[in-house]
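Remarks on the structure that follows.
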Amino acid sequence: MDAILKCCLNGDRSRADHPAVPLTPAELAQSAYDAVVAGAVAVHFHPRDSEGRESLRWADVEPAVTAVRERCPELPLGVSTREEIEPDLPTRLALLGEWDAGPDFASVNWHEDGAEQIARLLLERGIGIEAGLFTPDAARKFLNWRGPVVRLLVEAIPGVSPGTDGIAAAQAVLDVLPTGVELVVHGEGEWAWPVLEWARRLGYGLRAGFEDMLTGPDGERVTDNGQLVGYVRRNR
Ligand SMILES: C[C@H](N)CC(=O)CC(=O)O
C-alpha cells in the first residue's frame, strides 16, 4: 500500500499569511477538492467561526465537515482539537461532546493536558484518533494509551519540538515509537520541506498544505493547496 498523502488545508493560518488560505465551508470544500485532484487521499482542517477564528463549536464544525463531504464524498476528513482553540479543558470537552456525525477523525495533541480524556470522548462519538506527537515526551506518554488510533502524526514544530532542525526533531520522536504503526511525518514552517523530503525517502506518510508551509520547496509562490500537494505528488 502507498504511504498516505494528506493535505492540511488551513491550520491556524489567516489571509494575512496567504490570500488563498481557506476559511469558510465553501472555501474548505473547494480547497479539499483541489487537493484531491492533486493527489491527496485525506484532509485535515481547522473549522472557523463567522469571524474566521478557529472554532470547536459544532455550529461551526458541522457546516465545514458537511461542505467538504458533499464536495468530496469518499474523502476521509479530519479536524483539529488543539488546546489553543479553547484552552479551558472542561469547556473543550463540553464542546467536543456536542459533535454529532462528526469528522472521520480528529487530531489530539498528546502533549496537551487531557489528551486521553479527549481521545476517549471522541472515540465514544465514533470519531477516530490521530495522535499528534510533537516531542519525545509526548511519544512516551502516548505509549501508555491502550485505545485505537487511525494513525500517528510525528510533527516537527519549530519552537515546540526539541531539536536544532526538523529532521532531528522528527527522528527523536520516531526513536520512541514502535515499528509497524501507520505514521505521517511532517514539519512546519522552515522545517516543512526538509522534513517532507526526508520522510518521503524513508517511505513515511506525508502531509502538505497551508497549515505547514506557505511556499513551494524552493520558496516559490504558490496559488493554492493543490499546488503544494502537487509538489509532493510529483516527487514520489
Ligand atoms: C496549529 C499547528 N499547526 C499544529 C497543531 O496544533 C496541530 C493540529 O492540531 O492541527
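Annotations
- Residue-normalised accessible area of the chain, expressed per residue, 1.4 Å probe, Å²: 43 Å²
- Fully extending the segment from GLU84 to THR66 would add 4.1 nm, taking 0.36 nm per residue of separation and subtracting the current Cα-Cα distance.
- Within segment 9-48, backbone nitrogen closer than 16 Å to the virtual label 7 Å beyond the Cα of ARG221 toward Cβ: 16-21
- Seen from HIS18, the other residues with C-beta closer than 10 Å to its C-beta sum to a net charge of +1, counting Lys and Arg as +1 and Asp and Glu as -1.
- Coordinate range of the alpha-carbon atoms in segment 115-183 per principal axis, descending: 39, 25, 16 Å.
- Net lengthening on full extension, GLU98/VAL37 (0.36 nm per residue, minus Cα-Cα): 18.7 nm
- Accessible surface of the chain [probe 1.4 Å, protein heavy atoms]: carbon and sulfur percent: 50 percent
- Here the mean projected area of the convex hull built on the C-alpha positions of the chain is 11.6 nm².
- Solvent-accessible surface (1.4 angstrom probe) belonging to TYR231, in square angstrom, nearest 10: 40 Å²
- Listed residues CYS72, SER107, GLY52: farthest to the positive end of the dipole of segment 51-112 (Cβ charges): CYS72
- Given +1 at the Cβ of Lys and Arg, -1 at the Cβ of Asp and Glu and no other charges, the dipole of the chain around its Cα centre is 640 debye to the nearest 20.
- Near GLU211, once Lys and Arg are set to +1 and Asp and Glu to -1 for all other residues with Cβ below 12 Å from its Cβ, the sum equals -2.
- Our Cα-only numbers for segment 45-147 put the radius of gyration and Dmax at 13.4, 39 Å.
- A simple count of charges around GLN227, restricted to other residues whose Cβ falls under 10 Å of its Cβ and scoring Lys, Arg +1 and Asp, Glu -1, yields -2.
The values are calculated or read from the model by the stated rules, or taken from the named source; none is laboratory data. Computed from a predicted model, the values in this text were never measured in an experiment. When we count neighbours, we look across all protein chains shown, and the Cβ atoms used for this are built from the backbone with ideal geometry, even at glycine. Ligands, DNA and RNA are excluded from the accessible area calculation, which covers all protein heavy atoms including side chains. Shrake-Rupley method; radii C 1.70, N 1.55, O 1.52, S 1.80 Å.
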